[in-house]
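Quick note: the coordinates plus some simple rules give every number you see, no bench work behind them. All of these numbers come straight from a predicted model, not from anything done at the bench. Cβ coordinates were reconstructed from backbone atoms using ideal geometry, including for glycine residues, and neighbour counts include every protein chain displayed.
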Amino acid sequence: MFMRPSFLPRLVNGPLFDPVVYVRILNERKALLFDCGHFEGLAPRELLSLEAVCISHTHMDHFMGLDRILRAILHRDQPLTIYGPEGITGKTLSKLRSYTWNLSSGYALEITICEVLPGCMHITRTRADTGFAVTRRSTAPLQGARIYVSPRYSLDAVILEHTVPCLAYVLKEPFHLNILKNAFTGRGYLPGAWVGTLKAHIFAGRMEELITVNTHAGTQKVRVSRLKEELVTITPGQSVAFVTDISCSRENIAALKGPARGTDMLFIEAYYLHELKDHAAARGHLTARQAGMIAGMLEAGQVFPMHVSPRYHDRLDEIRAEVDAAWCEASEPGGSRG
Ligand SMILES: [Zn+2]
Ligand SMILES: [Zn+2]
């Protein structure tokens, strides 16, 4: 059965350069961004639909693009959430306050900064019309890695080590709805915007709701529970993991295993070929072989190497081959999985 995905991820800079993953949430006009170093390939319209920016850590190649995002969304009404590791609150506020805001009194933009710490999250709200003064601070306890839940998706953050704390993220859909288009004909249903409404009601658990459906005989009110029975099958939800700038340590791998196991799409750094493994270890980076091994251990469905060092710009096929070989080996029963 063809599954229409709910998340459409894009590796904005390709495998080389700063790792930037833009994920469109289909049917929601919303998107998430994982890291924002230097990037060019995102249109203003795409930046405007950003609901959250998830920062792994604040080395410049992961954080400098926040200025571009801010510039693009400054006049919008919808708020933005920024997630990040220990220290993200101070770093973001200093960035925001480094500009002059004397003419921003009419701006409605609110930015919420969520600093992920072991067991809790510090939440700081700030607004453009106050020149990004803090308007509210609070602390929320965390259950495991879960930092956000909505009907359409959840977000997990895992605190890892990269000479500094660094977050890996896993975006998950609670379950996947598949609309059986061939079941329309027999019942006289016609495609239309009501299909999106149906999905939204099912995700929110509103089974008793009546929705207006287009049919060959005009519009008709039908209960969500009935449409679900007639037209929908449910399969496991899609998931996307973003893992960058981490040491290949037992602790890091063990921490990733809970939230990221079985992920459909794994975006993972492969900074060096394994010939430079000592270099990688000293800088808290992964080699391509280590990235492949981790992909195998996590039983990832697809692997996208990223953040490959520019020194390999003409050797990307070697990076890919090293990732794939280690991924296959670690995926075999009795391989180095464990
Ligand atoms: Zn780094
Ligand atoms: Zn980096």
- Computed FRET efficiency, Cβ-Cβ of Lys277 and Arg125, R0 45 Å: what is it to the nearest 0.05? 0.55
- Once both labels are modelled 7 Å past Cα along the beta-carbon direction, what's the Ala321-Thr215 spacing in nm? 6.1
- Of Val240, Val224, Ala157, farthest towards positive along the dipole that unit charges on Lys, Arg, Asp, Glu beta carbons give segment 129-259: Val224
- Item | Debye, to nearest 20: dipole size of the chain, +1 on Lys, Arg Cβ, -1 on Asp, Glu Cβ | 1300
- What is the calculated FRET efficiency for Met60 to Arg187, with r their C-beta to C-beta distance and R₀ = 56 Å, to the nearest 0.05? 0.50
- Item | Efficiency of FRET from Cβ geometry, Ser94 and Arg206, R₀ 30 Å, rounded to 0.05 | 0.10
- What residues from segment 199-213 fall in the zone where the backbone N is under 19 Å from a label point 7 Å along the Cα-to-C-beta line of Arg29? 199-201
- Mind listing the phi-derived Karplus ³J(HN,Hα) values for segment 268-280, rounded to whole Hz, using 6.51, -1.76 and 1.60 with θ = phi - 60°, and x for any glycine or proline? 9, 5, 9, 5, 10, 6, 5, 4, 10, 5, 5, 4, 4
- Mind scanning Lys172/Lys199; Lys30/Lys228; Lys30/Lys91; Lys30/Lys199; Lys30/Lys172; Lys181/Lys221 and naming the pairs with a C-alpha gap bigger than 22 Å? Lys30/Lys228; Lys30/Lys91
- Message: From the gyration tensor of the Cα coordinates in segment 3-67, what semi-axes in whole Å does the equivalent ellipsoid have, largest first, with each one equal to sqrt(5λ)?
- Response: 20, 12, 10
- Report the extension gain between Ile159 and Thr112 in nm, rounded to one decimal, defined as 0.36 nm multiplied by the number of residues separating them, less their alpha carbon distance. 14.9 nm
- Query: What's the center-to-center distance, using Cα atoms, between segment 230-255 and segment 147-224 in Å?
  - Reply: 20
- Note on the structure: the chain: antiparallel bridges as % of DSSP beta bridges, rounded to 5, reads 70
- Distance (nanometres) between label positions extended 7 Å along Cα→Cβ at Trp101 and Arg4: 4.1
- Item | Additional length obtainable on full extension of the chain from Asp314 to Ile234, 0.36 nm per residue less Cα span | 24.4 nm
- Query: So what's the back-of-envelope 222 nm ellipticity for the chain, counting only DSSP H runs of four-plus at -39500 (n - 2.57) apiece and dividing by all residues, rounded to 500?
  - Reply: -8000 deg cm²/dmol
